[in-house]
Amino acid sequence: MRAVAVAHPNVALVKYWGKRARAGNLPATGSLSLVLGGLATETSVDFDPALARDRVLLDGREDPETTSRVTACLDLLRGEAGVSARAAVLSRNDFPTGAGLASSASGFAALVTAGAGALGLHLKPQRLAEIARLGSGSAPRSLLGGVVLLTNRGQTTVCEQVAAPADWPLEIVVAVTTSGPKATSSREGMARSEQTSPYYDSWVQTHGGDLEAGLAAVRARDFPALADIAEHNCLKMHAVMLTTRPPLIYWTPATLACLHRVQELRRDGVPVFFTVDAGPQVKAVCLPGVAGDVAAALAAVPGVLQVLRSPLGEGARLRANAD
Ligand code: PMV
């Protein structure tokens, strides 16, 4: 009754910010993302009848909010298997946790993959994605690899791979500007934006067009078109965040300096664009061959603590020989 899974975080190029319904954690919009193969979460799930409750250690620490989300996902897996045993869950990230690097996405993708594996369940991918979504709206995207499209369909969401890593071997450079967890979680921030940002409705209404443009750019391998729509969609989401009350200012001065540096590089002919999620880190997406130069340029920006390089990655999977 034990299994170990590995999953990678993902970064959205056309983003999700806001929910259609709290029940089932349904996003207001679809999204398009890249899986970051160079960053990983490894999670073990061990169902043990001797445990009175689920015990969850994330990077060695226990947090009641995380545990209750994990229990909600495990309850569904237990229901599928007809098992009632509680579980010991150990999860480790090899990158900063909760700081806008989508650790919740890789965390819940790894959790449901390991949980289903430990229970010997062979669930349909769609069911596994629905269970992962309860933990984090972006987690279903980390179940697949490469470029992933998530769309709303009726009372659920559907994910599909649009390009495998080998189809379009983009590289991502992450500029880390703060290592601590963010002040406001995505979940709380979204709820606040829905209620208070005067731009929230336009964000939702214009989102379908952004998603179509992003998808068309990926299908045509049109990097300039993808750069244009991804930067626009990112800044539109941050406009919603900034106009939320109280405001959600996820950027640091170094975040903004990196955005300017990426734009300068592009003006100089380097194929790169930026995106930023609910945190201060900047992800610079590059065509193959320029990631070294982009990493060096971002490492030299004052306030950048660390630069990570990542190719596109595979979807969540069980680790063989889990010990
Ligand atoms: O998956 P959540 O609930 O942590 O929300 C993710 C929200 C963004 O990262 C800001 C955008 C996205 O689509 O990933």
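Which order do Trp168, Trp251 take when ranked by solvent-accessible area (1.4 Å probe, heavy atoms of all protein chains), largest first? Walk me through the intermediate numbers first.
Numbers: Trp168 20, Trp251 70 Å².
If we order Trp168, Trp251 from most to least accessible, we get Trp251, Trp168.
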Inter-site label distance for Glu314 and Thr156 at 7 Å from Cα along Cβ, in nm: 2.5
Simple spin-label estimate for Gln205 and Leu256 in nanometres, 7 Å along Cα-Cβ: 2.9
Accessible area of region 47-155 belonging to carbon and sulfur atoms, whole % at 1.4 Å probe: 54
Solvent-accessible surface (1.4 angstrom probe) belonging to Glu80, in square angstrom, nearest 10: 80
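May I ask you to derive the relative contact order of the chain, considering only C-alpha pairs under 8 Å and at least 6 residues apart, and to give it as an integer percent? Please report the intermediate quantities before stating the final value.
Values: 745 pairs, mean separation 82.9, N = 323.
For the chain, the relative contact order is 26 percent.
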Value of D in µm² per second that Stokes-Einstein yields for the chain, Kirkwood Rh from Cα pairs, at 10 °C (1.306 mPa s): 81
Net charge contributed by nearby residues that have their C-beta within less than 11 Å of Gly115 (K/R +1, D/E -1): -2
Estimated dipole of the chain in Debye, rounded to 20 [Cβ of Lys and Arg +1, of Asp and Glu -1, Cα centre]: 520
Residues of region 174-214 with amide N under 14 Å of the 7 Å Cα→Cβ point at Arg20: 204-205, 207-208
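Given axes a ≥ b ≥ c from the Cα gyration tensor, I'd like to know whether region 145-229 is rounded (a/c under 1.5), prolate (a/b larger than b/c) or oblate.
Details: a/c = 1.79, a/b = 1.28, b/c = 1.40.
Oblate, since a/c reaches 1.5 and b/c is not below a/b.
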Nearby lysines by direct alpha-carbon distance to Lys15 (threshold 22 angstrom, same-chain neighbours under 8 apart not counted): Lys182, Lys236, Lys283
Dipole moment magnitude, nearest 20 debye, region 242-323 about Cα centre, only Lys, Arg, Asp, Glu C-beta charged: 160
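Need one number: the % of Cα-Cα pairs in region 196-240 sitting beyond the 16 Å mark.
On the way: 363 of 990 pairs.
Beyond 16 Å sits 37 percent of the P(r) for region 196-240.
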Three-way shape label, region 174-323, alpha-carbon gyration tensor, a/c 1.5: rounded
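Among rounded, prolate and oblate, which fits region 52-153 when a ≥ b ≥ c are the square roots of the eigenvalues of its C-alpha gyration tensor, a/c under 1.5 means rounded, and a/b larger than b/c means prolate?
Working: a/c = 1.86, a/b = 1.06, b/c = 1.75.
Oblate, because a/c is 1.5 or more while a/b does not exceed b/c.
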Separation between Cα centres of region 233-269 and region 1-68, rounded to whole Å: 26
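Taking R0 as 30 Å, what's the FRET efficiency between Asp222 and Asp75 from their Cβ-Cβ distance, rounded to 0.05? Walk me through the intermediate numbers first.
Details: r = 44 Å, r/R0 = 1.46.
Efficiency computed from Cβ-Cβ geometry: 0.10.
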Segment Arg2-Ser179, extension gain: residue separation times 0.36 nm, minus the distance between their alpha carbons: 60.6 nm
Most positive-pole-ward Cα, Gly120, Cys258, Ile172, against dipole of the chain from beta carbon charges: Gly120
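The values are calculated or read from the model by the stated rules, or taken from the named source; none is laboratory data. Just so it is clear, the structure is predicted and the values come from calculations on it, not from any experiment. For neighbour counting, all protein chains shown are included, and Cβ atoms are generated from backbone atoms with ideal geometry for every residue, glycine included. Note: accessible area is taken over every heavy atom of the protein model, side chains too, but ligands, DNA and RNA are not part of it. Shrake-Rupley method; radii C 1.70, N 1.55, O 1.52, S 1.80 Å.
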